[in-house]
């Protein structure tokens, strides 16, 4: 992935980035869950063999839409193929940052903070571990991280952008710190990342 592409993505709105990624990777062909019970994920929706994540476009309205316990409490329309977009792991992070950056969607669940949990609790720790030299065993994670092996500096630029977004919000500022964005899954600071921020 090229640095200029990442810089351009950071300038886009959430909707522009979704449209860009739909053109880049093509639309999803299958719904995320097999049916409205949201109990079983449709395995055909996965493109991790290509190193791509599947992101729910409506995560700007509801959190954890890939989790059956949360999905069932939201409209099934959010699980439809036309509400999914593919992205690599850095693009996934940017999508979540864009959700945080933009005003809360008027149709968003009120008692949730969209975007931030996915970025801070899931995506960043995984990327931090990767750039700290952790060797993933699962093939899908090997595929995912092979796409960004030369993008450490771009990742740091994305985190700096994220910190700027957070600085403008008094609540986010309390939750998201330089230290918090630098930890791996074990909650230990990855010095290589922390020192660059």
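Some points to look at:
- Region 1-25, subset within 23 Å of residue 149 (Cα to Cα) and assigned to a loop (DSSP other than H, G, I, E, B), residue farthest from the chain's Cα centre (by Cα): 2
- Complete set of residues in region 61-75 that are in a helix (DSSP H, G or I) and surrounded by 22 or more Cβ atoms within 10 Å (Cβ to Cβ): 71
- Residue count for region 76-88, restricted to those that are over 23 Å from residue 144 (Cα atoms) and surrounded by 15 or more Cβ atoms within 10 Å (Cβ to Cβ): 3.
- In the set (1) assigned to a helix (DSSP H, G or I); (2) surrounded by fewer than 21 Cβ atoms within 10 Å (Cβ to Cβ); (3) under 12 Å from the mean Cα position of the chain (by Cα), residue 53 fails one condition alone, (1).
- Positions within region 181-195 being out of contact with any strand residue (DSSP E or B) (no Cβ under 6 Å at 6 or more places or on another chain) and farther than 15 Å from residue 115 by Cβ, in sequence order: 184, 185, 186, 187, 188, 190, 191, 192, 193, 194, 195
- Residue in region 33-45 that is crowded, with 17+ Cβ neighbours inside 10 Å, out of contact with any strand residue (DSSP E or B) (no Cβ under 6 Å at 6 or more places or on another chain) and under 15 Å from residue 85 (Cβ atoms) present: no
- If you go through region 109-146 and keep only what is more than 16 Å from residue 192 (Cβ to Cβ) and touching a strand residue (DSSP E or B) at 6+ places or on another chain (Cβ under 8 Å), you end up with just 144.
Read the figures in this text as sums done on the coordinates, not as results from a lab. On a predicted model such as this, the values are computed, not experimentally measured, just so you know. Every residue, glycine as well, gets a Cβ built from its backbone with ideal geometry; the counts of neighbours run over all protein chains shown.
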